[in-house]
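Participant: One structure, pasted below without further comment.
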Amino acid sequence: MCGIYGIISFDGTQIEEGLLRRMGELLKHRGPDASGVKRFGKGDFNCFLGANRLKIIDLSDSANMPIENEDGSVAAVFNGEIYNYKLLKEQLKKEGHSFKTGTDSEVIPHVFEQRGEQCFRQFDGMFAIALWDGKNGRLLLGRDRTGKKPLYYYYSGNRFAFASEIKALLSLPFVSKRINEKKIPQYLTYGYINGPETFYEGIYELPPASFLSIEAGEVRQVQKYWEPEFSKEQEKNFGTFAEAKKGVRDAVVEAVSKRLTSDVPLGVLLSGGIDSAVITGIAVGLLGRKIDTFTVGFEDTSGFDERKPAAFLAKFFKTRHTELPAKLKDISLLEQIVEHYDMPCGDPSALPTFIVCKMAKKNVTVALNGDGGDESFAGYDRYKAALWADKIPGPLFTAGKALSSIFPYSDAYRGLRRRMEKFFDGGKQNKDILARHHKWISVFNENDLYKIYKKTIDKEQLRSEALYTGRLRELPLLHKLLFLDFMTYLPQNLNVKMDRMSMANSLETRSPFLDTKVLEVAAFLPPALKIRNGVSKYILREAFKDMLPERTVLAKKHGFGIPLSLWFKAELGKYFQSTMFAGKPVCSQYIDLTVARKLYLEHIAGKADSSKELWTLLQLELWLKQSKF
């Protein structure tokens, strides 16, 4: 795992080495073990590639980057892991290539020699790659299929720069630092934004499963090399149920097996749910020894505390288990989290993710996690809710909305009133099921957004599904939702959170459920095997029920949440008040503070649960304050 960066000048202009050193220093947390920068070029095309390395495979200095082919005509810097590198090496040796190291990164320039731009299709793993093609005088950037590893770039006409994190780009004097205001309403809607635009004008992210080429002073059009294909049928000729279970099991076991290769200590982030339980069980079985597992929980309220189910699983699998409570005092980490994000962090679970990664780093350098299980096998409650809502008669929506008002708001994990209000909001009269789903996942719905946001709103930015209308048309409902989450929520929220919070602590995290084969097997299966009789992740539970304790197999989905509602009525609320209402906050140019204050007062009085809205506003203010636009 590493941080990569680089600068290109197209007109022969010299690039100060100090600029590269500064970029490297800002990415040191991503790769504290070694650093390297080298100049490559052809004619007026000056290209500097740099990398900070976190040593995982082949710990020798010979594996440091940039790494080149035999004659130096191709070079690469790389962030991530190539899990099929041994197989690729064997194939390349037969084609006449030789290798000097045991690292996975060395296959990259050699695969490019053989496959050209199609090289990215050959890599099975998580990666962000910058590759210098000396023969043609060009630079290629490529990113993995699910967007596990980040890659951002800036182009000014005569200079191009790229980096693993935006902060490195912002350190360059030729990169303008202007806020992309039209993205703020999208952030307030989802708690994250969709790429390729970022919060900064002129800075873009390379989309997942894509590559681009920079040559002759021009940035070529981004090209997509992969996309998941979801079954278009409710039932598909996938064979017998036993064959489907075996297909799922084989794919997941293989995915975990590939991710156990490491020359440094390795463990598992164990939440207590079925996804991380499956990974732990497979890892223990394959390694034949004890492994380290890590869990974070909350002492404030038992509904958010996963330590007991995780400890039960740790005992069941005989792991060396470490747990840590996340207390209210940990709100002191909020500003640090925003600093690592380079943008407002709309997902409150970034806080416990940071804490568990920091804890794990004390014992291991690599940690497997359960990310992607919900998106692959339909684990979220909102998927079941969408299927139910599509069948419920219209009058029941009206009655349900009225019924929800008799319940009090609760600080509990499964607060009934907020869940009922979300479900019945919009009603059956809204026949657009994707519009209803949009309301469910929104932090601020459209009406509230227009009340609180003071500037012009680009409505086209507010509906993610509008980007994929054509590809959604023929899919069954569940697969519409899975596809949308795969293209938006997963890469723009979950993967960003795990990457930033793990890399902030120089910890590499690996996600077996985001393995390409697992994703393709899951997408091929019909919806009825993912949710059956109200049971989510049905096929996954059935495929591994012999490996897991019964209570884990039968357990309901428990998200990685924090007691946000409760905290805003205590110390976090005081922090919110002092940040948002003392003096003149930076966000006041965008946010109507009268509306924000009303949200806060209603929340602490128990008249509404506005905790997610308050968190989203707080993070916006912290980011604006740090950015100093």
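Quick note: the coordinates plus some simple rules give every number you see, no bench work behind them. All values derive from a computational prediction rather than experimental measurement. Using ideal geometry, Cβ is built from the backbone for each residue, glycine included, and neighbour counts are taken over all protein chains shown.
Participant: List, in the order given, every pair from Lys149/Lys480; Lys422/Lys480; Lys569/Lys625; Lys183/Lys451; Lys329/Lys607; Lys384/Lys455 whose Cα-Cα distance in the structure shown is over 28 Å. Mind dumping the intermediate values first?
Facilitator: On the way: Lys149/Lys480 25 Å; Lys422/Lys480 20 Å; Lys569/Lys625 24 Å; Lys183/Lys451 17 Å; Lys329/Lys607 26 Å; Lys384/Lys455 36 Å.
Correct reply: Lys384/Lys455.
Participant: Shifting gears a bit: Return a whole-number percent for the relative contact order of the stretch 137-265, with Cα pairs under 8 Å and 6 or more residues apart as the contact set.
Facilitator: Relative CO of the stretch 137-265 lands at 26 percent.
Participant: List every residue whose amide H lies under 5 Å from the amide H of Arg532, counting only residues 5 or more places away in sequence or on a different chain, with H placed 1.01 Å from N in the peptide plane.
Facilitator: For Arg532, whose amide H was placed from the backbone, the distant partners under 5 Å are Tyr538.
Participant: If you take the Cα atoms of the stretch 488-595, find Rg, then find the Kirkwood Rh from the mean of 1/r over all pairs, what is Rg/Rh?
Facilitator: Numbers: Rg = 20.8 Å, Rh = 18.6 Å.
The Rg/Rh ratio comes out at 1.12.
Participant: Further, regarding this structure: Whole-Hz Karplus ³J(HN,Hα) for the stretch 452-457, in order, using 6.51 cos²θ - 1.76 cosθ + 1.60 and θ = phi - 60°, x for Gly and Pro?
Facilitator: Values, residue by residue: 9, 8, 8, 9, 5, 10 Hz.
Participant: Let me ask something additional. About its Cα centre, what dipole magnitude does the chain give when the only charges are +1 on Lys and Arg Cβ and -1 on Asp and Glu Cβ, stated in debye to the nearest 20?
Facilitator: So the dipole magnitude of the chain works out to roughly 1580 debye.
Participant: Also, quick follow-up: Any idea what the relative contact order of the chain is, in percent, if you count C-alpha pairs under 8 Å spaced at least 6 apart? Let's see the in-between values first.
Facilitator: On the way: 1176 pairs, mean separation 99.5, N = 629.
Relative contact order comes out at 16 percent.
Participant: State, as an integer percentage, the relative contact order of the stretch 2-224 based on alpha-carbon contacts under 8 Å between residues 6 or more apart. Each step should come with its number before you reach the end.
Facilitator: On the way: 490 pairs, mean separation 43.2, N = 223.
In percent, rounded to a whole number, it is 19.
Participant: Another question, if that's okay. Taking H placed 1.01 Å from N in the peptide plane, check which residues at least 5 places from Ser210 or on another chain put their amide H under 5 Å from its amide H.
Facilitator: Close amide H contacts, sequence-distant or interchain: Arg143, Tyr225.
Participant: Which label marks the calculated value of Cα extents along the principal axes in Å, given the options [x] 110, 76, 52; [y] 117, 71, 70; [z] 74, 60, 47?
Facilitator: Working out Cα extents along the principal axes in Å from the coordinates points to [z].
Participant: What residues qualify as long-range amide H neighbours of Lys569, i.e. H under 5 Å apart, gap of 5 or more or another chain, H built at 1.01 Å from N?
Facilitator: none
Participant: For the stretch 287-365, which trypsin sites (Lys or Arg not before Pro) are both in a DSSP coil and crowded by at most 16 other Cβ atoms within 10 Å? Walk me through the numbers before you get to the answer.
Facilitator: Working: sites: Arg289, Lys290, Arg307, Lys315, Lys318, Arg320, Lys327, Lys329, Lys358, Lys361, Lys362; in loops: Arg289, Lys290, Lys318, Lys327, Lys362.
Hits after loop and neighbour filter: Arg289, Lys290, Lys318, Lys327, Lys362.
Participant: Taking θ as phi - 60°, what are the ³J(HN,Hα) couplings along the stretch 579-593 by the Karplus curve (6.51, -1.76, 1.60), each to the nearest whole Hz, with x for Gly and Pro?
Facilitator: Result, rounded to whole Hz: 7, 8, 10, 9, x, 10, x, 4, 6, 5, 6, 10, 10, 6, 5.
Participant: Hey, another quick one. Along each principal axis of its Cα atoms, how long is the stretch 143-266 end to end? Whole angstroms, biggest number first, please.
Facilitator: Its Cα atoms span 59, 41, 33 Å along the three principal axes.
Participant: Related question: Read phi for every residue in the stretch 349-357 and hand back ³J(HN,Hα) as whole Hz from Karplus 6.51 cos²θ - 1.76 cosθ + 1.60, θ = phi - 60°, with x for Gly and Pro.
Facilitator: Result, ordered by residue: 6, 4, 4, x, 5, 4, 5, 5, 5 Hz.
Participant: Mind listing which trypsin sites (Lys or Arg not before Pro) in the stretch 496-579 are in a DSSP loop and have 13 or fewer other Cβ atoms within 10 Å?
Facilitator: On the way: sites: Lys497, Arg500, Arg510, Lys517, Lys530, Arg532, Lys537, Arg541, Lys545, Arg551, Lys556, Lys557, Lys569, Lys574; in loops: Lys530, Lys537, Lys545, Lys556, Lys557, Lys569.
Answer by residue number: Lys556.
Participant: Counting C-alpha atoms alone, how compact is the stretch 2-224: give Rg to one decimal and Dmax as a whole number, in angstrom.
Facilitator: Values for the stretch 2-224 (Cα only, Rg and Dmax): 16.8, 54 Å.
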